[in-house]
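Each remark here refers to the structure printed beneath this line.
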Amino acid sequence: MSDRPVRLLVTDDLERSRLTVFFRLLLAIPHFFWLGVWTFGAFFSAIAQWFVTVLRGRPVPRLHEFHIGYIRYATHVGAYLALAANPFPGFLGAPGYPIDVEIASAERQGRLGALLRLLLALPALFMLVLISGGGPSGVGPYWVVSGGIVAAVAFLGWFASLVRGCMPRGLRNLAAYGLRYTAEVYAYVLLVTPVYPSTDPRLPAHAGAPPSHPVRLDVVDDRRRSRLTTFFRFFLLVPHLVWFSFWGVLALLIAVVQWFFTLVAGHPASPLHRFLAAWVRYQTHLFAFGFLIANPFPGFTGTPGYPVDLELPPPGRQRRLVTLFRLPLALPAFVVSGALGWLLYAAGIGGWFAALALGRMPSGLRDAGAHALRYSAQVNAYALLLTERYPFSGPPVEPSDDAPG
Amino acid sequence: MRRAERAAALLAFAVGAGAAVWALWPTDVPDDLELPPLGQADVASAAHIREAERFETFLRWDYVLAEVVVLLVLALYAWRGHRLARESAAGRIGTGMLLGMLGLGILWITQIPFGLAEIWWARRYDAAEVGYLEWLLGYWLGLAGQFGFICLALAIVMGFAQVLRDRWWVAGAPAFIALYVVFAWSLPWLIPDDRPVDDPALAAAAQRYAREQGTDPIPVRIEDVSAYTDSPNAFAAGMDASRKIFIWDTLLDGRFTDDEVHVVLAHEIAHHSREHIWKSVGWYALFAVPGTFLIALATRRRGTLREAQAVPVALFVFVALNLAAQPILNVVGRRMEAEADWVALETTDDPTAARGLFEQFTVVALADPSPPRWSTLLFDTHPTMLDRVRMAEAWRERSEGRSHP
C-alpha cells in the first residue's frame, strides 16, 4: 500500500455539528463556486502540462503543485459534502484537513504514457462514473462522485449525524474510499502521477479497523481467470439465474416464517436458519462468479468451499424488538448495498476486459468487488435473521502495529 | 480616526446627504394638493372592510412577532455565535462566511412557524394556492440565494478589512452600492416564468403611455403566478437597457377592467419615467455609508470585520439598522408610489378607473383601506388605499378646475 501515489490521511474524529450538518449542502455554496473557478484553471493548465510532459518527460513543478492543491482542495470539499469530515474547509487546499490526501512530488513519466494518458484513463474514468452512479455534472470532477456511493453515504450520514451528533465510522470510511479513488483518478489524468488508479478498497490503518462481524467473507481466490469462461460469463449464468429466482421466492417465504418464529421463540429455527444460510452463501458464490470476483463455475446448493466463501454464524438469541422492526432497520443498509452494487458492476465490467486480456483479475478490482459482496452478504444475513449484528459498510484497512485512529 | 478628521468627514457627509435629499425628495405630486375628506366607507362596503382588516391584522402581528424573534435570535447569535468558528478549518474570510451562513440558517429555522402561519392565514382567505410543503421547499431554495449573497458580501467586506482594518467601510459602502446597482439592473433576467404580453391593446397602451411620459418604450412581460397566489400585482424592474414591467397574470384574470389594468400599466411606466429605481440607488447610498460605518464601529471590540468572530455582531447590527431605517425608507417609498399614481392619472386621464382599481384591491387583495398609523409607519411602502382613492379624486377636482377655469 505504501507505493500508492495518493495516500489518504484520516484524522477525523467522527464528531459532527448538528447545525452545520443540517445546512451542509447550502454551506458548501461558496466552495461550489470556487471549485468551479479552480476546475476551469486546472483544465487549461492540464493541457499545458500535457504538452510539457510529452516533450520533456517530466511535468512542470509549478503546475504539478497547482494540480496537487486542486486535488487536495476538491477532496476536502468532497469530504465536507459527504459528511466524511466536519469543519468548513479552507479555500486553498492547505494540508491538515481531517480527510486529506498526500500526493507524491513530481517525477519522471514515460512520454508514451503521457501522450496516451487520457486514452489510458478511460477505463478508470469509466469506473469512476460507475462508482458514482451518474455522469459528469456540476461544477467540478468531484461532483461526479456524488451520484453513487458517496451520495448514498452523504444521504444516510445526514440523518445519522443529525440524530447521533456523529458520523458512523463505516459510512465515513466508505466515503473516504470513494474520495481517495477520485483523487487517484484525477492525479492520473492531470499527470500528477503515472501510477494507475487502484480500486483496492483497503484504507490506512488509522481510519479504524472494521469491528469483528459474524458474517465474514473468505477469499482464497488466486485471481486466475479462464478466458473462455470469462468470455461467456453472462451466458453461463443463465441456469443459475433461473435456479436463483426459484430459490429466492422460496427463501422469501421461509424468511417470513422464520420471522414469526423468531418473534415468538426469541431465536431462529435451526432448519430454517440452515436453509437461509445456504441461500445467502449461494447468492455470494453466484455473484462472485458473475462479476469475476471468483473463477470456477459455482454449485447450486451453496455448499461451503468456494474460493470466495461466506462464514455465517449459527442460530443464536435475537432481541424480539429488533426482530420486529428488522426490515425498516435494514432499509439504510439496503441503500448502501445498492450503492455498493455499482462497485460490483464496475469490478465485473472492468474485470471482464482485464481477464480477457491478461488471463487474470486485477487485485484492485477483485478486492473492490469482494468488499461489495461482503457487505451485501451481511445485509442479507441481517434481513433474513441469520444475525442480529448490523452490517458494517467500511472497507478493510491495511495491517498496522499502530493503534487505529 | 482623529477628532478633526471625524468632524470633517461628518460635515462632508452631512453636506452630501443634504444635497442628495434635496435632489431626490421632490416629486411630481403638487405640494399644495388637498386630498378630499373621504372615509373608508367611501372606498368599500363595511363587510369588505371588516374582512380586509381581519386579514391584515393577523399578518401585521405575525410580521411584528417575526421581527422581534429575528432581533432576539440575532442578538443571541451576536453574543455567542462566534463559538461556531470551531466548525471551520478555513481561514478568516472562509470562517466569516461560515458564521454568516449559519446565522442566516438559524434565523431561517426560527422564521418557519411565522411563514407557515402566514400561508395558513392566506389560504384561509383564498389569497394563496401554494401548499405547505411547496412553500417550505421554496423557502429552503430561497435560502441558497441568501447564502450565496452573504458569502459575496462578507468576501468583499472582510477582504477590505484585511487591508483597511476598521476603515473597511470607506471602500465597502461604494462596493455595496455598486452591487445594488448590478442587482437592480439584472433583476429582470432573474424573474422566472414570464412571457411576452399577448394583448395587443395592452401592448399599444404601454407604447403610448411611455411616449406621453417622455421615455422610450419599455417591454411589458406577464409573470405567471396564478398557481401560487390569487393576489394581483405588477412591478417595474431594471435600469436603462434592462428596463421592464412585469404584470402578474392574476391582474389579467377578469377581476379588473381593462381601464383599471391600464392605470396599473401607466403607474409602473411612471416608476421608470421618473427614474425611481435610480433614485432608490441614491437613497440606498445615503443609508449605506453611515450604515457600514456603524457596523464597523460596532464590530471594533471583536477585532473589526478583519476577524471572523465579528461577523455575528455585524449581522445583528445590519439587520437592526435595516429595521430602524425602515420607517424612513417607507416614507420615501410612499412618496415614489404616490408620484407614480399621480403620473398615471396624468397619463390615463381616468380617475374613475384609478379609484375603481384601488377599491377593487380592498376586495380582491384584502388590502385594508386605512390601516393603523403605526402599521403604515413601520410597514407600508405604498400609500393606503384610502389615500390613493383620495388622490384620484383630488386629481379629478384639479382637472375639472383646469377644464372649467
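Laid out as a table, the results:
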item	result
Qualifying residue in the range A:392-404 (condition: closer than 25 Å to A:Gly266 by Cα, in a loop (DSSP other than H, G, I, E, B) and under 19 Å from the mean Cα position of the chain (by Cα))	yes
Test: residue in the range A:363-373 that is touching a strand residue (DSSP E or B) at 6+ places or on another chain (Cβ under 7 Å), closer than 14 Å to A:Phe287 by Cβ, in a helix (DSSP H, G or I) and of a type in the set (Gly, Ala, Ser)	yes
Candidate set from the range B:183-193 (those that are under 24 Å from B:Tyr228 (Cα atoms) and surrounded by 15 or more Cβ atoms within 10 Å (Cβ to Cβ)); member that is farthest from the chain's Cα centre (by Cα)	B:Pro188
Total residues in the range A:78-117, condition under 19 Å from B:Leu84 (Cα atoms) and either within 11 Å of chain B (Cβ to nearest Cβ) or among the polar types (S, T, N, Q) (or both)	10
Count - residues of the range B:38-51 that are touching a residue at least 12 places away in the same chain (Cβ under 8 Å) and either farther than 14 Å from B:Gln360 by Cα or not in a loop (DSSP other than H, G, I, E, B) (or both)	7
Meets criteria (within 14 Å of chain B (Cβ to nearest Cβ), among the acidic types (Asp, Glu) and in contact with a His (Cβ under 9 Å, 6 or more places away or on another chain)) for A:Asp13	no
Matching residues, the range A:65-120, being in a loop (DSSP other than H, G, I, E, B) and of a type in the set (Ser, Thr, Tyr)	A:Tyr97, A:Ser105
Output for the range A:56-100, where each listed residue is among the acidic types (Asp, Glu) and buried (at least 19 other Cβ atoms within 10 Å of the Cβ)	A:Asp100
Single match in A:Ala357, A:Ala339, A:Ala277 (criterion: small (Gly, Ala, Ser), modelled with pLDDT of 95 or more and over 18 Å from A:Asp221 (Cβ atoms))	A:Ala277
Test: residue in the range A:22-36 that is more than 14 Å from every other protein chain (Cβ to nearest Cβ) and either in contact (Cβ under 8 Å) with a residue 12 or more places away in the chain or under 19 Å from A:Leu190 (Cβ atoms) (or both)	no
Complete set of residues in the range B:129-176 that are modelled with pLDDT of 90 or more, of a type in the set (Phe, Trp, Tyr) and surrounded by fewer than 18 Cβ atoms within 10 Å (Cβ to Cβ)	B:Tyr132
Flag if B:Ala155 is within 11 Å of chain A (Cβ to nearest Cβ) and assigned to a loop (DSSP other than H, G, I, E, B)	no
Which numbered condition A:Gly305 misses (of (1) within 30 Å of A:Ala357 (Cα to Cα); (2) crowded, with 22+ Cβ neighbours inside 10 Å)	(2)
Pairs, first within 17 Å of A:Pro391 (Cβ to Cβ) in the range A:304-320, second of a type in the set (Gly, Ala, Ser), C-beta under 6 Å, six or more apart	A:Leu310/A:Ala377; A:Leu312/A:Ala277
Filter pass, A:Ala347 being under 11 Å from the mean Cα position of the chain (by Cα), crowded, with 24+ Cβ neighbours inside 10 Å, within 20 Å of A:Pro214 (Cα to Cα) and small (Gly, Ala, Ser)	no
Residue that is modelled with the lowest pLDDT [pool: residues in the range B:356-405 that are of a type in the set (Ser, Thr, Tyr) and part of a helix (DSSP H, G or I)]	B:Ser403
Sole residue being out of contact with any Pro (no Cβ under 6 Å at 6 or more places or on another chain) and small (Gly, Ala, Ser), chosen from B:Ala338, B:Ala325	B:Ala325
Flag if A:Ser212 is within 20 Å of the chain's Cα centre (by Cα), surrounded by fewer than 17 Cβ atoms within 10 Å (Cβ to Cβ) and at pLDDT below 95	yes
Residue in the range A:110-117 that is outside the structural domain of A:Leu365 (by TED's automatic domain parsing) and under 24 Å from the mean Cα position of the chain (by Cα) present	no
Which numbered condition A:Phe244 misses (of (1) in contact (Cβ under 8 Å) with a residue 24 or more places away in the chain; (2) farther than 25 Å from A:Glu388 by Cα)	(2)
Contacts under 7 angstrom Cβ, first residue in the range B:80-98 being more than 7 Å from every other protein chain (Cβ to nearest Cβ) and surrounded by fewer than 23 Cβ atoms within 10 Å (Cβ to Cβ), partner part of a loop (DSSP other than H, G, I, E, B) and small (Gly, Ala, Ser), 6 or more apart	none
Among the residues listed as B:Leu104, B:Leu72, B:Leu76, the single one being more than 21 Å from the chain's Cα centre (by Cα), within 14 Å of chain A (Cβ to nearest Cβ), part of a helix (DSSP H, G or I) and not hydroxyl-bearing (Ser, Thr, Tyr)	B:Leu76
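The values are calculated or read from the model by the stated rules, or taken from the named source; none is laboratory data. As the structure is a computational prediction, the values presented were derived from the model and not from experiment. We place every Cβ from the backbone using ideal geometry, glycine too, and count neighbours over all the protein chains shown.
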